[in-house]
Amino acid sequence: MLPGRRREISRMAAAARWEGRLPEILRPLFWSYHFDGLRLPAERDLVMLHVLTCGNVLQVKWLRRRFGDEAITSWIESRRGRGLTIAQAGPWVPSSRVRRWQARNDGDRIWENR
């Protein structure tokens, strides 16, 4: 890649971070939303949920770089894993804890059995 093109891509990425725009790799996850209107931190919960439930490896890597493992863990715990399966929450929260959350709320088990 030419150095000029590399600089251009870096500038666009930096601008996106400062403006709170989501990167293009997330667009397929938000097909039912006006993607260009989604901004962080306002849509943090929506982004976390979509990436953790439907994201591929690259999209999850982006989430980890953008928020960090501590913030993802905190987000999952604040929701008590609601909307996530054991496997989806697994990299951040012990599966035994997710099972306990699901046992307390019958509705949460729906996600595991879907």
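The values are calculated or read from the model by the stated rules, or taken from the named source; none is laboratory data. Computed from a predicted structure; not experimentally measured. Cβ placement follows ideal geometry from the backbone for every residue including glycine, while neighbour counts extend to all protein chains displayed.
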Those residues of the range 63-72 that are within 9 Å of W92 (Cα to Cα) and surrounded by 15 or more Cβ atoms within 10 Å (Cβ to Cβ) come to a total of 1
In this structure, is L40 touching a residue at least 12 places away in the same chain (Cβ under 8 Å) and buried (at least 18 other Cβ atoms within 10 Å of the Cβ)? no
Mind listing whichever residues of the range 4-29 are at pLDDT below 90 and not aliphatic (A, V, I, L, M)? G4, R5, R6, R7, E8, S10, R11, R17, W18, E19, G20, R21
When you check G37 against the structure, is it of a type outside the set (A, V, I, L, M) and either within 11 Å of the chain's Cα centre (by Cα) or on the phi > 0 side of the Ramachandran plot (or both), yes or no? no
Give just the number: which of (1) modelled with pLDDT under 95; (2) under 13 Å from the mean Cα position of the chain (by Cα) does A87 not satisfy? (2)
Just one of S74, S32 is on the phi < 0 side of the Ramachandran plot, at pLDDT 95 or above and of a type in the set (G, A, S); which is it? S74
